[in-house]
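**Student:** Below is a structure I'd like to ask you about.
Here, each number is a calculation from the coordinates, and none is a lab measurement. Given the structure is predicted, the values throughout are model-derived calculations rather than measurements. Here the Cβ positions follow ideal geometry from the backbone for every residue, glycine too, while neighbour counts run over all protein chains shown.
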Amino acid sequence: MSVAPTRGRRLPWAAVVPAAIAFAFLVVPLVGLVQQVPWGRLGADLTTPEAVDALRLSVICSLGATALSVLLGLPLAWVLARVEFPGRSIVRALTLLPMVVPPVVAGVGLFYAFGRDGLVGEYLLRWFGVQLTFSTAGAVVAETFVAMPFFVVTVEAAFRTVDRRYEDAAATLGTGRFGVFRRVTLPLVRPALVAGAALAWARALGEFGATITFAGNIQGRTQTVPLAVYLLLETHPEVAIGLSVVLVALCVGVLALLRDRWLGVP
């Protein structure tokens, strides 16, 4: 005798159908991209001088941006999570602003802050002879600006969830504040540190607007993979497609590795 399914077990078509449409909307462009990859000559395309320079710069700049994001973002995340001070909500909002502001606008802001005649750039050039615009260091700065908030928001949330009883126990045993932070707090938030750093790296790797506006698009100096793809679509589209697939594969790999750390799914 067959048993009719209960109401709770029926397939919720009202949710499934729009969910499927949304998923298809997000996936179809990727399928279209993969479909255009000239797999037979992909290796040759990725070893052209333009592709090699772009890949090399992307690795250098994204790793540099990640290192700066961790170095500067870690204390910022701790202060936002643990220190009460007037205007903390405003500081947090401004810290996370690069996540939503148009990248080109971010590049314009960087230009007027760190350019030759910028608010800070003028003194960097006058006192130290450092010019960030149209340089590899400038590309690192642009990528750090857009990537650091991803690290901060991830690590700040972890600091807030730490059970402070462990820190208090270590303090009562005579461990200093820095010792508690290094031996207790950091190990407890290590998964979030790794996840935040990986997200910052992925965001830096794919940065386009702020980089091209602030650092330019100079092969061998500031032309990272996204910028190279933009130019190569006009002259060598097969190379642009190959580089695009490399970026997609790296980003998918990062998200897949972090699914249990960041998305909270097994």
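**Student:** Given springs between every Cα pair under 10 Å in a Gaussian network model of the chain, which of Gly138, Gly196, Gly32 has the largest fluctuation?
**Tutor:** Gly32
**Student:** So, counting K/R as plus one and D/E as minus one, what does the shell of residues with Cβ under 9 Å around Gly242 add up to?
**Tutor:** -1
**Student:** Suppose each label sits 7 Å from its Cα in the direction of the beta carbon; what would the Thr235-Phe85 distance come out to in nanometres?
**Tutor:** The two pseudo-label positions are separated by 4.8 nm.
**Student:** For Arg177 and Ile21, compute 0.36 nm times the residue count separating them, minus their Cα-Cα distance, and round to one decimal in nm.
**Tutor:** Taking Arg177 through Ile21 to full extension adds about 51.0 nm, to one decimal.
**Student:** Starting from the exponent 0.38 and prefactor 2.2 Å, build the expected Rg for the chain from its residue count and divide its actual Cα Rg by it.
**Tutor:** Compactness ratio reported: 1.24.
**Student:** Given the options Val239, Val155, Val34, which has the most mean-square fluctuation in a GNM of the chain, springs set between C-alpha atoms less than 10 angstrom apart?
**Tutor:** Val34
**Student:** Arrange Trp78, Trp201 by Cβ neighbour counts within 10 Å, fewest through most, would you?
**Tutor:** Trp78, Trp201
**Student:** What 222 nm value per residue comes from the helices of the chain, counting each DSSP H run with n ≥ 4 as -39,500 (n - 2.57) and dividing by all residues, nearest 500 deg cm²/dmol?
**Tutor:** Helix-only estimate at 222 nm: -22000 deg cm²/dmol.
**Student:** Would you tally the net charge around Leu231, using a Cβ to Cβ cut-off of less than 13 Å, leaving Leu231 out, and scoring K and R as +1, D and E as -1?
**Tutor:** Summing Lys/Arg as +1 and Asp/Glu as -1 gives -3.
**Student:** Another question, then. Summing +1 for each Lys or Arg and -1 for each Asp or Glu, what net charge is found among the other residues whose Cβ lies under 15 Å from the Cβ of Arg92? Spell out each step's value before the answer.
**Tutor:** Numbers: positive: Arg82, Arg88, Arg160; negative: Glu84, Glu156.
Net local charge, Arg92 excluded: +1.
**Student:** Please report Val28, Val140, Val153, Val194 as a ranked list, fewest other C-beta atoms within 10 angstrom at the top and most at the bottom.
**Tutor:** Val28, Val194, Val153, Val140
**Student:** May I pose another question? Residue by residue through the range 26-35, which ³J(HN,Hα) values in whole Hz follow from phi under the Karplus form 6.51 cos²θ - 1.76 cosθ + 1.60 (θ = phi - 60°), with glycine and proline marked x?
**Tutor:** 7, 8, 4, x, 5, 4, x, 5, 4, 5
**Student:** Using every alpha carbon pair in the range 1-99, what percent of pairs falls into each 5 Å bin from 0 up to the bin containing the largest distance?
**Tutor:** Histogram of Cα-Cα distances, whole percents per bin: 2, 9, 8, 9, 8, 9, 11, 12, 12, 9, 5, 4, 2, 1, 0.
**Student:** Quick one: Karplus J couplings for the range 84-91, per residue in order, coefficients 6.51, -1.76, 1.60, θ = phi - 60°, nearest Hz, x for Gly and Pro?
**Tutor:** With the stated coefficients, the range 84-91 comes to 8, 8, x, x, 4, 5, 5, 4 Hz.
**Student:** Please arrange Phe114, Phe214, Phe128, Phe159 by how many other C-beta atoms lie within 10 Å of their C-beta, fewest to most. Mind showing how you got there, number by number?
**Tutor:** Working: Phe114 24, Phe214 30, Phe128 8, Phe159 18.
Lowest count first: Phe128, Phe159, Phe114, Phe214.
**Student:** Please quote Rg/Rh for the range 155-266 to two decimal places, taking the Kirkwood radius as Rh and restricting both calculations to Cα atoms.
**Tutor:** Rounded to two decimals, Rg/Rh equals 1.20.
**Student:** Choose one answer from Gly109, Gly129, Gly220: the residue with the largest mean-square fluctuation in a GNM of the chain with alpha-carbon springs under 10 Å.
**Tutor:** Looking only at Gly109, Gly129, Gly220, the biggest GNM fluctuation is shown by Gly129.
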